[in-house]
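Okay, structure first, notes after.
The values are calculated or read from the model by the stated rules, or taken from the named source; none is laboratory data. Not measured: the values here are computed from a predicted model. For neighbour counting, all protein chains shown are included, and Cβ atoms are generated from backbone atoms with ideal geometry for every residue, glycine included.
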Amino acid sequence: MYYLVWIPKYRKKILTGEVKDRLEVLFRQCAEINEWTIEELNIQEDHVHMLIGLKPSISVSRTVQFLKGGSSRFIRKEYPELEEFLWGDSFWSDGYFAETVERVSEDKIRNYIQNQ
């Protein structure tokens, strides 16, 4: 289990409404295709919290690359009006936060994500 957090470019508060809903669908589709388990997901207006279960055969960096890269392509294509806020080729800011989660702390992290 991993706890992940990342932000849109320039920490713009654009993860709302239809964009937020579409991102949730995209993240869940990516997880399903790759046989990952999104245990908790909370998309705030300027960042994403995710608790995800991964197979040992995939690295965290590769997982985040799939989640951020895939969603970026779709969101930029489907919502071209976001270009005024995000110039350049990416929707997400560089980098992310990742931490492994032990069973003991999993409930605490679940509670934190749910109550953001």
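A Cβ distance below 9 Å, combined with a sequence gap of six or more or placement on separate chains, defines the contacts here; from region 84-108, residues that are more than 19 Å from residue 49 (Cα to Cα) reach residues that are assigned to a loop (DSSP other than H, G, I, E, B) in the pairs 85/12; 85/14; 86/12; 86/14.
Of the listed requirements (1) surrounded by fewer than 17 Cβ atoms within 10 Å (Cβ to Cβ); (2) at pLDDT 95 or above, residue 43 misses just one: (1).
Scanning region 36-91 for residues being more than 24 Å from residue 102 (Cα to Cα), hydrophobic (A, V, I, L, M, F, W, C) and touching a Lys or Arg at 6+ places or on another chain (Cβ under 6 Å) gives a total of 3.
Could you check residue 51 against (1) closer than 14 Å to residue 27 by Cα; (2) at pLDDT below 95 and say which number it fails? Exception for residue 51: condition (2).
Residue check: residue 114 meets all listed conditions (1) at pLDDT 90 or above; (2) surrounded by fewer than 17 Cβ atoms within 10 Å (Cβ to Cβ); (3) among the polar types (S, T, N, Q) but one, namely (1). A Cβ distance below 6 Å, combined with a sequence gap of six or more or placement on separate chains, defines the contacts here; from region 14-37, residues that are within 19 Å of residue 65 (Cβ to Cβ) reach residues that are among the aromatic types (Phe, Trp, Tyr) in the pairs 26/74; 30/66. Total residues in region 84-106 satisfying the condition of being modelled with pLDDT of 80 or more and not aromatic (Phe, Trp, Tyr): the figure is 8.
Report, by residue number, each residue of region 54-94 that is farther than 13 Å from residue 8 by Cα and aromatic (Phe, Trp, Tyr). Within region 54-94, 66, 74, 79 qualify.
The residues on offer are 37, 63, and the sole one that is more than 20 Å from residue 114 (Cβ to Cβ), touching a helix residue (DSSP H, G or I) at 6+ places or on another chain (Cβ under 9 Å) and modelled with pLDDT of 95 or more is 63.
Scanning region 10-32 for residues that are of a type outside the set (Asp, Glu), farther than 14 Å from residue 51 by Cβ and under 13 Å from the mean Cα position of the chain (by Cα) gives 15, 19, 20, 22, 23, 25, 26, 29, 30. Inside region 55-80, residues that are surrounded by fewer than 18 Cβ atoms within 10 Å (Cβ to Cβ) and either more than 16 Å from residue 23 (Cα to Cα) or in contact (Cβ under 8 Å) with a residue 24 or more places away in the chain (or both) make up a count of 13.
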